[in-house]
Amino acid sequence: MRNFLYKYAAFMEGRNGFDELGGALIVVSIILNIVSRFFFTMFWVRLIMQLVAIILLAIFALRFLSTNLYRRSQENDFFKPAIRGVVDFFKLNYRRLRDGRTHRYYKCPSCKAQLRVKNVKGTHTIRCPKCGTHFEKTIR
Ligand SMILES: [Zn+2]
């Protein structure tokens, strides 16, 4: 096993390996594959979705093994904000579901940071810890 890891490390030397874009490609590919199996009965729609899923996996594999690190990191940097946006969206909504009874989430009006406030009735002055802005919210 150690020998294998050593060989793997030697093989991956100078190659791109796993990055955010690679992770996103795999996740989208798996989602496409699952969705195509369960939600679409039209043969052509399924076929195209599964083909796209395979193409995404192939792109992942090529990027993983690529030795053109400069281009790969440029691609990764280009997609990173979008990937982060999607991940943050799901994280926020997961948290909203998880502590929706005890807390409320508000967006800071000046820096757009998401703020979590205890769900207590009344008017509150909220201070954004990120930028220091004060704003009022009323919880009924
Ligand atoms: Zn703020």
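The values are calculated or read from the model by the stated rules, or taken from the named source; none is laboratory data. Everything numeric here is computed off the predicted structure, so don't read it as measured data. Every residue, glycine as well, gets a Cβ built from its backbone with ideal geometry; the counts of neighbours run over all protein chains shown.
Taking the stretch 62-75 as the range and being surrounded by 13 or more Cβ atoms within 10 Å (Cβ to Cβ) and within 27 Å of S36 (Cβ to Cβ) as the test, the residues that pass are R63, F64, E75.
Which count do you get for residues in the stretch 103-140 that are outside any strand (DSSP E or B) and either within 14 Å of the ligand (Cβ to nearest atom) or touching a strand residue (DSSP E or B) at 6+ places or on another chain (Cβ under 7 Å) (or both)?
Total satisfying the criteria: 15.
Contact map, the stretch 108-123: first residue within 19 Å of R95 (Cβ to Cβ) and in the same structural domain as H134 (by TED's automatic domain parsing), second residue among the aliphatic types (A, V, I, L, M) and more than 8 Å from the ligand (Cβ to nearest atom), Cβ cut-off under 8 Å, separation 6 or more or different chains; pairs are Q114/L92; L115/I126; V117/I126; V117/I139; N119/I139; V120/I139. Just one of the listed residues (F90, F78) is within 28 Å of I126 (Cα to Cα), without any contact (Cβ under 8 Å) to a residue 24 or more places away in the chain and not assigned by TED's automatic domain parsing to the domain that holds T138, namely F90. The conditions of being among the acidic types (D, E), within 16 Å of the ligand (Cβ to nearest atom) and more than 13 Å from L21 (Cα to Cα) are not met by D99.
Going through (1) surrounded by fewer than 14 Cβ atoms within 10 Å (Cβ to Cβ); (2) in a helix (DSSP H, G or I) one by one, F18 falls short only on (2). Scanning the stretch 87-102 for residues that are more than 24 Å from the chain's Cα centre (by Cα) and in a helix (DSSP H, G or I) yields nothing.
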